[in-house]
Structure formats: structure tokens, C-alpha cells
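Read the structure below first, then the notes.
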Amino acid sequence: MDKNRKVEGIKEFLVFLRDAMAYLFSWLVICTVVVSLLIGNEFIKLSLLIKIFVLCLWGVISFAICFRNHGIRKKGFIFSLTVFYVLFIPVEIAMFYFMGIFDSRGNVASWIMFGLIVAGAYVVSVLTDFLVMKKKTVVYTEKLNEYVTNRVEGRIK
């Protein structure tokens, strides 16, 4: 029985990996095509597509480790998000170098933009967790307690 559960978990992970890769890679290729056309490039090199694929694959695996793993997930959203950033951001920076986005140290504007996007996304996620999700958790707990009380008192069968 335990072996079947592990096999189902592996199947579920592989299905998630396939679906997430299809979605993420498709969108990044579409964005790459649009940007290439806007800056006047008519072609996209296969090597760039391979680098995008590797970046997507690492992103999906990092996401699965941080947000679908029960051990990490039970420590809370902020912990999962922080582990995701620690796993993904260094690889993202390296891949951006390989793609030629951060090709020199003098490219200060790109570094500032990247840092602001990363920090902004982190702050928005933390604020959303504290301001929105905590309130929903309180409401959910209240409704659950109300249901249990009504069930015990026999109002709900």
C-alpha cells in the first residue's frame, strides 16, 4: 500500500512537471519572440531556446520542492517563498549571464531593474500573506468552529 502511494506521488509530480513546463516555457518563448521582434531581431537561436528551457525546468523543480513538498510547505508560505528565492535566484542570475542579459558588470540599469523586480515581488508576496491570507485563515477557522458547534448541538446532520 505504501509503495502504491509513493508511485502515485511520483506520477503526480511528473504530471505537475509536464504541465508547469508546458505553460512556463510557452509563455517565455512567446515573450522572447515579442521582444526579439520589437528590437529588430528576425531569428531566435536554438541555444537561447535551450537556455530558456533549462531556466524553466529549474524554476519548476524549485517551485515543486518549495511549494509542493509537505515538509517545507508545513513551515509556512514565507519560509517556502524564501527557500524558493534562495534556490532559484542564483540560477536565474547565472542563466541571465549565459543568455547575455547581464553580460557585463557595467550594466547597472539591468541589475537595478532585476533587483527591484525580485524585491518587489517578495514584498508583495509577504504583504499579501500577512494582510489577506491571515484574515482568510481567521474567517475559515471561525466558520469551521461554528460548523462543529452546530454539528455537536444537532442543528446539522
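The values are calculated or read from the model by the stated rules, or taken from the named source; none is laboratory data. Every value quoted in this text rests on a predicted model; they were computed, and no experiment measured them. Quick reminder, even Gly has a Cβ in these numbers, built from the backbone with ideal geometry, and neighbours come from all protein chains shown. Accessible surface areas use protein heavy atoms only, side chains included; no ligands, DNA or RNA. Shrake-Rupley method; radii C 1.70, N 1.55, O 1.52, S 1.80 Å.
Quick look at the numbers
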| read-out | value |
| --- | --- |
| Output for the stretch 6-40, where each listed residue is open to solvent by less than 70 Å² (accessible area, probe 1.4 Å), without any contact (Cβ under 8 Å) to a residue 12 or more places away in the chain and closer than 20 Å to Ile61 by Cβ | Val7, Gly9, Val15, Ala22, Ser26 |
| Filter result for Val35 (out of contact with any Phe, Trp or Tyr (no Cβ under 6 Å at 6 or more places or on another chain) and at pLDDT 90 or above) | no |
| Cβ-Cβ under 8 Å pairs, at least 6 apart or on other chains, the stretch 137-157 side farther than 20 Å from Phe77 by Cβ, far side open to solvent by less than 100 Å² (accessible area, probe 1.4 Å) and modelled with pLDDT of 75 or more | Ile156/Asn150 |
| Residue ranges of helices (runs of 4 or more DSSP H) in the stretch 42-147 with at least 2 members closer than 21 Å to Ser26 by Cα and modelled with pLDDT of 85 or more | 46-67, 77-99 |
| Odd one out for Phe25, checked against (1) under 25 Å from Thr128 (Cβ atoms); (2) in contact with a Cys (Cβ under 9 Å, 6 or more places away or on another chain); (3) modelled with pLDDT of 90 or more | (1) |
| Residues located in the stretch 77-90, provided they are open to solvent by less than 50 Å² (accessible area, probe 1.4 Å) and aliphatic (A, V, I, L, M) | Ile78, Leu81, Val83, Ile89 |
